[in-house]
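**Student:** This structure is in structure tokens; I'll ask about it shortly.
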Amino acid sequence: MMAFLLHCRSLLGDAHVLDTEADIAPFLTDWRGRFTGKAAAVLRPGSVEQVAALVKACARWRVPLVPQGGNTGLVLGSVPDASGTAVVLSLARLNAIRQIDAVNRTMTVDAGCILQQVQEAAAAEGCLFPLSLAAEGSCTIGGNLSTNAGGTAVLRYGNTRELCLGLEVVTPQGEIWSGLRGLRKDNTGYDLRDLFIGAEGTLGVITGAVLKLYPRPKASITALAALPSPADALRLLVLMQDHCGASLTGFELMSRYCLELVARQFPQLPKPFADAHPQYVLLELSSSESEQHAVELLERAIGAALEREVVTDAVVATSEAQSAGLWQLREHIPLAQAKAGKNIKHDISLPVSRIADFIAVTAPQLQAAFPGCQLVCFGHLGDGNLHFNVAPPEGVSNEDFLANQDKVNRVVHDSVVAFGGSISAEHGIGALKRDELAHYKSAVELNMMRAIKAALDPLGIMNPGKIL
Ligand SMILES: Cc1cc2nc3c(=O)[nH]c(=O)nc-3n(C[C@H](O)[C@H](O)[C@H](O)COP(=O)(O)OP(=O)(O)OC[C@H]3O[C@@H](n4cnc5c(N)ncnc54)[C@H](O)[C@@H]3O)c2cc1C
């Protein structure tokens, strides 16, 4: 390890090889504070060539490496294990916007660019980069690609995979693959780009990407609807899609308990309704024509929903500040949960049509197995993605409840599989869900994944212990 670290210092300079306890501590704990690993050092390369040279060194000295972007991942993918043998490779210094091609509607960026920085650079050219999630002020494009992040605009624009045309990757051998093509059509053999997207740093280090840009909508409008049940939320989704087509860009479900939790933890946030309702849907429409067009579309659709008694009440934001206030309610749910204590998170996807039945069956199963547990159910309903989180009953400590994690997972994930769903919709597998993946994936699928891993990373140095 001494010789390896000396070599790293010669490549990066002392300032960018961190190895004191205090310096490396911020890189070792996951965002939710559930696990703190150990690392021999944190390496902070400033160029693609430095990344390549470091990975070559890792291969030569057989040092495992953990790529890290903003460390906002929720499945323990970006932190090292407890052995202390790995190094963290932070991409934070690779943060340049390389090029924007407004006619091709693409931008080429370094992997360490913060998502918000990318959104702002696109906006400065009159374009939209539509990926949006609550961690956008600190997560990076490399992390978004490596987890195939979803977020709040998937309904209209797709996951990060759909927003990426090309990649630059440092392979586990320390070679640079430049696949930075801005092509919408390219059928030249196996799609290597798609292998690295969603690979959570287990197949290589993403150092750059070509991202898709879109025209900026002329106007966006946000509304919050109150509804009796998740089944009504599905009826509203169909109604909105029929009325508004591709103008519907966001459709988020939140239960009453979620908004009560937010109100308790963040009393300064708006309270849109005087009375509580069982369910809420936050929806967003965008128009490429005008604000008036967006308002008319929304009012017509909400009017129809009220008439058919799908919705019991609704508020429409009449200013950008009000719209931001409504989105804050949604975005503060994970923050309110984190403030309230620990909980058992599930990031699941289901066929949209089966979501209401899934909730109706699974919530009572949880209550029967863990009486008094609190279900924090919210998510990107338009994408069939729920965050189906379970918090301890009143009076039960976090630690006591978390001891039940495997049993809680079994109840939820068995039901997910019975309803034709997936145990990870957008957060990935990391170390947290590795055993669950092994439990639910078929041997055929797991063997193909293992074969790909062995072919690309025969030394097993890339983020070991994650996914497989
Ligand atoms: C408040 C909050 C809200 C969130 N909301 C959403 C949401 O709506 N939708 C969603 O999908 N996720 C969400 N997330 C999860 C998280 O923000 C995303 O997974 C994000 O994409 C991670 O980016 P990051 O830069 O922080 O990656 P990190 O956490 O640093 O890393 C994530 C994984 O990617 C790997 N990795 C990172 N960079 C690279 C690279 N350059 N090359 C190869 N591998 C790399 C890491 O090894 C790790 O396995 C949320 C998180 C928080 C804290």
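**Student:** Students often forget the sequence filter, so: which lysines lie under 25 Å Cα-Cα from Lys407 once same-chain residues fewer than 8 apart are removed?
**Tutor:** Straight-distance partners of Lys407: Lys339, Lys342, Lys345, Lys433, Lys441, Lys466.
**Student:** In Å², and per residue, what accessible area does the chain have when probed at 1.4 Å with the other protein chains present? Don't jump to the answer; show the numbers that get you there.
**Tutor:** Values: 19820 Å² over 468 residues.
With all protein chains present, the chain gives 42 Å² per residue.
**Student:** Ignoring any ligand, DNA or RNA, what whole percent of the accessible area of the stretch 97-215 comes from carbon and sulfur when the probe is 1.4 angstrom?
**Tutor:** Details: 2230 of 4610 Å².
Result for the stretch 97-215: 48 percent of the exposed heavy-atom area is carbon or sulfur.
**Student:** Can you list the residues, at least 5 places off or on another chain, whose amide H is less than 5 Å from the amide H of His346, using H built in the peptide plane?
**Tutor:** Residues meeting the criterion, in which the H sits 1.01 Å from N, are Phe388, Asn389, Val390.
**Student:** Does anyone have the angle between helix 2-12 and the longest principal axis of the chain? Alpha-carbon axes, 0 to 90°, nearest 10?
**Tutor:** Helix 2-12 and the main axis of the chain meet at about 70 degrees.
**Student:** Additional query: State the percentage of accessible surface on the stretch 219-325 attributable to carbon and sulfur atoms; use a 1.4 Å probe and exclude ligands, DNA and RNA.
**Tutor:** Here it works out to 49 percent.
**Student:** Just the C-alpha atoms of the stretch 219-325: what Rg/Rh do they give, with Rh taken as the Kirkwood radius?
**Tutor:** My calculation of the ratio gives 0.96.
**Student:** Percent relative contact order of the chain, based on C-alpha pairs within less than 8 angstrom and at least six residues apart?
**Tutor:** Computed over the chain, the figure is 15 percent.
**Student:** Can you list residues from other chains, or at least 5 along the same chain, whose modelled amide H is less than 5 Å from the amide H of Val311?
**Tutor:** Leu306
**Student:** Work out, step by step, the length gained on full extension between Asp101 and Arg181: first 0.36 nm times the residue separation, then minus their alpha carbon distance; give nm to one decimal.
**Tutor:** 27.6 nm
**Student:** A further question on this structure: Specify the angular offset, from 0 to 90 degrees and rounded to the nearest 10, of the alpha carbon long axis of helix 256-265 from the longest principal axis of the alpha carbons in the chain.
**Tutor:** Relative to the chain, helix 256-265 is tipped by roughly 60 degrees.
**Student:** How many nm is it between the label spots at Ala124 and Asp14, if each spot is 7 Å from the Cα in line with the beta carbon?
**Tutor:** Reported label-point gap for Ala124 and Asp14 is 3.5 nm.
**Student:** Rg and Dmax of the chain over Cα atoms: what are they, in angstrom?
**Tutor:** 22.7, 73
**Student:** While we're looking at this one, here's another question. In deg cm²/dmol, rounded to 500, what helix-only [θ] at 222 nm does the chain give when every DSSP H run of at least 4 residues adds -39500 (n - 2.57) and the total is split over its residues?
**Tutor:** -11000 deg cm²/dmol
**Student:** In nanometres, what is the gap between the two model label sites at Ala338 and Asp242, each 7 Å from Cα along Cα-to-Cβ?
**Tutor:** Computed distance between label sites Ala338 and Asp242 equals 4.1 nm.
**Student:** Treating only the Cα positions of the stretch 97-215 as identical point scatterers, give the base-10 log of I(q)/I(0) from the Debye formula at each q in 0.12, 0.15, 0.20 Å⁻¹.
**Tutor:** Debye curve over Cα of the stretch 97-215, log10 I(q)/I(0) at q = 0.12, 0.15, 0.20 Å⁻¹: -0.37, -0.59, -1.09.
**Student:** Right, something else. Two-decimal Rg/Rh of the stretch 2-90 from alpha-carbon positions, Kirkwood Rh?
**Tutor:** 0.95
**Student:** A follow-up question, please. Which of the peptides 318-328, 341-351 is most tightly packed, and how do the rest follow, going by the mean number of other Cβ atoms within 10 Å of each residue?
**Tutor:** Packing proxy ranking, top to bottom: 341-351, 318-328.
**Student:** Further question on the same structure: Leaving out same-chain residues fewer than 8 places away, which aspartates and glutamates sit with a Cα under 18 Å from that of Lys212?
**Tutor:** Counting by Cα, and skipping residues close in sequence, Lys212 has these aspartates and glutamates nearby: Asp101, Asp110, Glu120, Glu125, Glu136, Glu162, Glu168, Asp186, Asp191, Asp194.
**Student:** Take each of the peptides 144-152, 308-316, average the number of other beta-carbon atoms within 10 Å over its residues, and list them starting from the highest.
**Tutor:** Put in order of decreasing packing, that is 144-152, 308-316.
**Student:** Right, next: Per the 1.4 Å probe, what fraction of the accessible area of the stretch 350-410, in percent, lies on carbon and sulfur atoms?
**Tutor:** C and S fraction of accessible area: 52 percent.
**Student:** Compute the Cα gyration tensor for the stretch 3-43, then decide on rounded, prolate or oblate, letting a ≥ b ≥ c be the square roots of its eigenvalues: rounded whenever a/c is under 1.5, prolate when a/b is larger than b/c in the other cases, and oblate in all that remain.
**Tutor:** Taking the square roots of the gyration eigenvalues as a ≥ b ≥ c, the stretch 3-43 is prolate.
**Student:** Okay, next question. Using only Cα atoms, find the angle between the long axis of helix 355-369 and the longest principal axis of the chain, and express it within 0 to 90 degrees, rounded to the nearest 10.
**Tutor:** 80 degrees
**Student:** By per-residue mean of other Cβ atoms within 10 Å, what is the highest-first order of 367-377, 122-132, 77-87, 181-191?
**Tutor:** 77-87, 122-132, 367-377, 181-191
The values are calculated or read from the model by the stated rules, or taken from the named source; none is laboratory data. Remember, predicted model here, so these are calculated numbers, not experimental data. Every residue, glycine among them, receives a Cβ derived from its backbone with ideal geometry; neighbour counts consider all protein chains shown. Just so you know, the surface numbers come from the protein's heavy atoms only, side chains and all, with ligands and any DNA or RNA stripped out. Shrake-Rupley method; radii C 1.70, N 1.55, O 1.52, S 1.80 Å.
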